[in-house]
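A.B. asks: Pasting in a structure now, in structure tokens, and then I'll have a few things to ask.
Computed from the coordinates by the stated procedures, all read-outs in this text should not be read as laboratory data. A quick note: this is a predicted structure, and the numbers were derived from the prediction, not measured. Backbone-built Cβ (ideal geometry, glycine too); neighbour counts: all protein chains shown.
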Amino acid sequence: MKLSPNSLYIVSTPIGNLDDITFRALDVLKQSDIILCEDARHSLKLLSHFKIKKKLISYHKFNEKKKVSNIIEYVNQGKILSLISDAGTPLLSDPGRVLVNKCIENKIRVIPVPGASSITTAMSASGFRDQFLFYGFLPKTENELEKILLPLSQNSFSQIFFIPALKINFYLKYFKKYFSGRKLLIAKELTKIHETLIREEIDDVKLFENPMKGELTVIISEKKIKKKVLDKEKIVNKAKKYLKKYSLKDTVDLILESEKINRKEIYKLCLKVKNEKNN
């Protein structure tokens, strides 16, 4: 496969097991003139394993704004550049957004090379509903965390977070507070030898006694919404009362104000009461 010059390739790399890299990702990296990476020492292990020797440029959240102009210049010179993160799919809670937007602004093609991601890997094994929201890393302070979790807890979708393993107990306390009644999956060392998937009810999960290392992918299950049971007797009694003074439509509207349930069901009951009254 011949690569397109004047393009930036966003290349996904393994999240643990090196066998998870794709043939296409290897081909792109081998043909790249320059590989942008978060930590050159970390990326060298991956590249050395596949016998790839290329020029590496460190590109991380602390220098991305400073280096973006030079990188755009390399692309405009016709060089083939690829961007990788330490693990997984770049830009998902990793640096790169500044560069990608600059490329878009300068009419430079941005070509994604899909592959491993801890987000989809953990989600696929969760058993939770696949309508999900990915948040990434949560705030580190209590006040900011509560501001974020309060609105998120109202959302019914499954939710995915990245958590530093050393801080898991801190976040579990707030998950218990805001996501009571839901289930939890903690994914540790995904695709590695010591891969661990911890499944618990949030209300029952215990704090960890021994500290863990690395980064965890944590998924909160979807919110189970209880359907309100229709109290037919109550609706019928209200309908009999209101129909003495109001029209069918007004009666239905009045009942809906206090009974937040299906309008069609209320209408049917009110119509039945009206028809029985007229007979």
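A.B. asks: Report the chymotrypsin sites (Phe, Trp or Tyr not before Pro) located in the range 1-90 that are in a DSSP loop and have at most 16 other Cβ atoms inside 10 Å of their Cβ, or state none.
C.D. replies: Phe50, Phe62
A.B. asks: Explain nothing, just compute: Karplus ³J(HN,Hα) = 6.51 cos²θ - 1.76 cosθ + 1.60, θ = phi - 60°, for every residue of the range 89-101 in order, whole Hz, x for Gly and Pro.
C.D. replies: Values, residue by residue: 8, x, 6, 8, 6, 9, x, x, 4, 4, 5, 4, 5 Hz.
A.B. asks: Here's something else I'd like to know. Using only Cα atoms, find the angle between the long axis of helix 64-76 and the longest principal axis of the chain, and express it within 0 to 90 degrees, rounded to the nearest 10.
C.D. replies: Here the helix axis deviates by roughly 60 degrees.
A.B. asks: Taking Cα atoms, how many degrees apart are the long axis of helix 232-242 and the longest axis of the chain, rounded to 10 and kept between 0 and 90?
C.D. replies: 60 degrees
A.B. asks: Out of these labelled values of Kirkwood radius over Cα pairs in Å, (i) 20.5; (ii) 22.8; (iii) 18.6, which was calculated from the coordinates shown here?
C.D. replies: Among (i) 20.5; (ii) 22.8; (iii) 18.6, the one derived from this structure is (ii).
A.B. asks: Check Leu216: other-chain or 5+ apart residues with amide H under 5 Å from its amide H, H built from backbone geometry?
C.D. replies: Placed amide hydrogens put Ile163, Ala165 under 5 Å from Leu216.
A.B. asks: Kindly provide the helix-only [θ] at 222 nm of the chain, computed as the sum of -39,500 (n - 2.57) over DSSP H runs of four or more divided by all residues, to the nearest 500 deg cm²/dmol?
C.D. replies: The helix contribution divided over the chain gives -12000 deg cm²/dmol.
A.B. asks: While we're looking at this one, here's another question. What is the set of long-range amide H partners of Asn6 at a cut-off below 5 Å, with H atoms built 1.01 Å from backbone N?
C.D. replies: Residues meeting the amide H criterion: Gly78, Lys79.
A.B. asks: Under 13 Å from a point 7 Å along the Cα-to-Cβ line of Lys65: which residues of the range 80-122 have their amide N that close?
C.D. replies: Counting backbone N atoms under 13 Å from the label point, the list is 98-99.
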